[in-house]
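Let me begin by presenting the structure, written as structure tokens, before commenting on it.
The values are calculated or read from the model by the stated rules, or taken from the named source; none is laboratory data. None of the values given here were measured: they were computed from a predicted structure. In this analysis, Cβ positions are derived from the backbone assuming ideal geometry, glycine residues included, and neighbour counts consider all displayed protein chains. Just the protein is used for accessible areas: all its heavy atoms, side chains included, with ligands, DNA and RNA removed. Shrake-Rupley method; radii C 1.70, N 1.55, O 1.52, S 1.80 Å.
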Amino acid sequence: MRILIADDHNLFRDGLQLLIESQYSDAIFSTASSLTDAVVAVEKNAPFDLIILDLRMPGMDGIDSIQNACDSAGETPVMIVSGEESSSIVSACLTAGASAYIPKSSDSNTILSAIQAVLSGGAFFPRSSSPTLANDPLSRLTGRKREILALLAEGSSNKQIAEALFL
């Protein structure tokens with residue numbers, strides 16, 4: 001299993017890596033301290049099974065950066081970690097295509113549960129955020145899957161979808 005951890009705080013990044021290694025001993029890690037470094041890591045070391053991004057690190061420009069990261073990640077789930085816990089931020093990350101949002105105040109069990117849920121194809125969002133969004137089956141779809149679904153809803157054929165999305 002290959003995981004990218006992008007966070008500008010060395011202590012948090014190293015601690016998260018150690019926590020994940022305690023549960024997934026076969027994990028191979030790449031790390032980055034900025035969005036630019038994360039993009040380079042994805043380009044050089046892809047594919048990853050999970051990408052973990054800090055919401056507030058150098059190069060991040062809010063939700064637009066999350067949207068771009070999720071779109072670039074394709075099928076790879078993107079988990080957001082942040083010190084911010086407002087439901088509006090969590091909802092915006094969900095809408096942007098993130099598979100999970102983990103407050104940095106979360107305990108180890110919560111973080112590992114979130115990782116397990118995401119690696120199993122699910123989503124994980126804090127209970128304090130809107131539970132209806134966290135339980136929405138569409139919330140599990142990546143940005144690319146939502147684009148495909150929208151084209152399907154318009155009646156596009158598989159060939160038309162492939163052409164429209166350059167697949």
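Give the number of residues within region 1-21 that are open to solvent by 20 Å² or more (accessible area, probe 1.4 Å), in contact (Cβ under 8 Å) with a residue 60 or more places away in the chain and not in a loop (DSSP other than H, G, I, E, B).
2
Please tell me if residue 37 is farther than 23 Å from residue 112 by Cβ, open to solvent by 10 Å² or more (accessible area, probe 1.4 Å) and either in contact with a His (Cβ under 8 Å, 6 or more places away or on another chain) or at pLDDT below 90 (or both).
Numbers: farther than 23 Å from residue 112 by Cβ: yes; open to solvent by 10 Å² or more (accessible area, probe 1.4 Å): yes; either in contact with a His (Cβ under 8 Å, 6 or more places away or on another chain) or at pLDDT below 90 (or both): no.
No, not satisfied.
For residue 31, indicate whether it is crowded, with 16+ Cβ neighbours inside 10 Å, in contact (Cβ under 8 Å) with a residue 24 or more places away in the chain and assigned to a loop (DSSP other than H, G, I, E, B).
No: the conditions fail for residue 31.
Just to be sure, is residue 61 at pLDDT below 90 and part of a loop (DSSP other than H, G, I, E, B)?
Spelling it out, residue 61 is indeed at pLDDT below 90 and part of a loop (DSSP other than H, G, I, E, B).
Could you tell me which numbered condition residue 70 fails, if it satisfies all but one of (1) farther than 21 Å from residue 118 by Cα; (2) among the hydrophobic types (A, V, I, L, M, F, W, C); (3) touching a helix residue (DSSP H, G or I) at 6+ places or on another chain (Cβ under 7 Å)?
(1)
Does residue 50 satisfy the condition of being closer than 27 Å to residue 86 by Cα and surrounded by 17 or more Cβ atoms within 10 Å (Cβ to Cβ)? Before you say what the answer is, go through the steps one by one.
On the way: closer than 27 Å to residue 86 by Cα: yes; surrounded by 17 or more Cβ atoms within 10 Å (Cβ to Cβ): yes.
Yes: the conditions hold for residue 50.
Among the residues of region 120-159, write down those that are at pLDDT below 75, within 17 Å of residue 67 (Cα to Cα) and in a loop (DSSP other than H, G, I, E, B).
Across region 120-159, the qualifying residues are 141, 142.
Anything in region 56-91 that is in contact with a Gly (Cβ under 8 Å, 6 or more places away or on another chain), of a type outside the set (D, E, K, R) and surrounded by fewer than 22 Cβ atoms within 10 Å (Cβ to Cβ)? List them, or say none.
65, 67
Let me spell it out: the conditions are (1) open to solvent by less than 30 Å² (accessible area, probe 1.4 Å); (2) of a type outside the set (Val, Ile, Thr); (3) in contact with a helix residue (DSSP H, G or I) (Cβ under 6 Å, 6 or more places away or on another chain), and residue 114 meets all of them except one. Which number is the exception?
Residue 114 satisfies all of (1) open to solvent by less than 30 Å² (accessible area, probe 1.4 Å); (2) of a type outside the set (Val, Ile, Thr); (3) in contact with a helix residue (DSSP H, G or I) (Cβ under 6 Å, 6 or more places away or on another chain) except (3).
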